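Read-outs throughout are calculated quantities, based only on the coordinates presented, and are distinct from any laboratory measurement. Source: prediction; values computed, not measured.
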Amino acid sequence: IPIMIPVTVKDHNVASEIKDFCMAIINETPASPDGREGASTVAVCSAIVESAATGEKVTINYNF
């Protein structure tokens, strides 16, 4: 059963994320979340979509 959750641009945290990223560049500090955390999020979301499409368990590969 699909569930639609409308999210408008004004409700998203994009401005804060861009500010944090820019400050990391300016201050020469690591970005938060770092690339590994971002890749982990993408891997989990991809596995969720694949599992929903196939109805099968999907093992997440965190080797990146």
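Couplings for the stretch 52-59, taken from phi via the Karplus curve 6.51 cos²θ - 1.76 cosθ + 1.60 with θ = phi - 60°, read 5, 6, 9, x, 10, 5, 10, 7 Hz in order; Gly and Pro are left as x. Per-residue extension of 0.36 nm, minus the Cα-Cα distance of Ile18 and Lys57, leaves a gain of 10.6 nm for this segment.
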